[in-house]
Amino acid sequence: MDEKESPRVGAAVKRRRRALQLTLAVVSSRSGLSVPFLSQVENDRARPSRRSLELVAEALETTSGELLAAAEAARTVDVVRAAEHSPGLPAGVRAIVRGRHQLHALEFTGEQDAGREFQHRNDELLYVADGAAEVEAEGRAYRLDRGDTLYLSGGVRHRWRATEPGTRLLVVAVAEHVEAEEE
């Protein structure tokens, strides 16, 4: 199995490991593979060879075929239409990625609660699709116009407000349930 054919099985490996309540260290000990490599596999930063996948599967008391099937079942293609509303979110806010994935994305339209401060564990990107916004982060104010982006690393306190009517701001982030790692 070459690199192009190597499977992306990270989510399936992580789910199985957590279901068995095993640490990466235990899986490493059982498989003979390093903890850093296993972490990279779980985060889809490395793709295991056929032999490595077999070792991981044995350590997780399953088969490589079952891990591949679980990975394939987890793949999703989902279209969110512009007219769709997101249940449970306030007016002017809609999810542009449905479900619980590694990526979390929301669209904010119009004036939102400008006084609310945010601080997220993981990185995020703000993109102004229409209009303009002002973002306060780390004691500085940043004006963003249509097409501008602002990157915030995890832990940065920030707040934002639309400065023009009809502003649409997209917030794309590493989901809170994902343990993002620095490279």
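The values are calculated or read from the model by the stated rules, or taken from the named source; none is laboratory data. Please read all numbers here as calculations on a predicted model, not as lab measurements. We place every Cβ from the backbone using ideal geometry, glycine too, and count neighbours over all the protein chains shown. To get the accessible areas, we keep the full protein, side chains included, count just its heavy atoms, and leave off ligands, DNA and RNA. Shrake-Rupley method; radii C 1.70, N 1.55, O 1.52, S 1.80 Å.
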_Could you put H104, H158, H120 in order of accessible surface area, largest first, with the 1.4 Å probe and the full protein assembly present?_
H104, H120, H158
*If one takes the longest principal axis of the Cα atoms in the chain, at what angle in degrees, from 0 to 90 and to the nearest 10, does the Cα axis of helix 50-59 lie?*
90
_Distant-in-sequence amide H partners of T163 (H built 1.01 Å from N, under 5 Å)_ = A132, A133, E134
*Which whole-Hz ³J(HN,Hα) couplings does region 121-134 yield from phi under the Karplus relation 6.51 cos²θ - 1.76 cosθ + 1.60, θ = phi - 60°, glycine and proline marked x?*
5, 10, 5, 8, 10, 9, 10, 8, 7, 8, x, 8, 8, 10
*For the chain, what is the accessible area per residue in Å² when the probe is 1.4 Å?*
61
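Treating the beta-carbon of each Lys and Arg as +1 and of each Asp and Glu as -1, no other charges, what is the dipole magnitude of the chain about its Cα centre, to the nearest 20 debye? Before the final figure, lay out each step's value.
On the way: 26 positive and 30 negative charges, 94 e Å.
For the chain, the charge dipole is close to 460 debye.
Per residue of the chain, what 222 nm ellipticity follows from adding -39500 (n - 2.57) for every DSSP H run with n ≥ 4, rounded to the nearest 500? Spell out each step's value before the answer.
Values: 5 runs with 47 residues, N = 183.
That comes out to -7500 deg cm²/dmol.
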*Label of the coordinate-derived value, volume of the Cα convex hull per residue in Å³, listed as [x] 146; [y] 119; [z] 200*: [x]
*Which residues' amide hydrogens lie under 5 Å from the amide hydrogen of R146, considering only partners 5 or more residues apart or on another chain, with H built in the peptide plane?*
G131
*Enter the angle in degrees (range 0 to 90, nearest 10) between the Cα long axis of helix 64-74 and the first principal axis of the Cα atoms of the chain, meaning the one along which they spread out most.*
20
*asked:* Using only the heavy atoms of the protein chains and a 1.4 Å probe, how would R168, R121 rank by accessible area, largest first?
replied: R121, R168
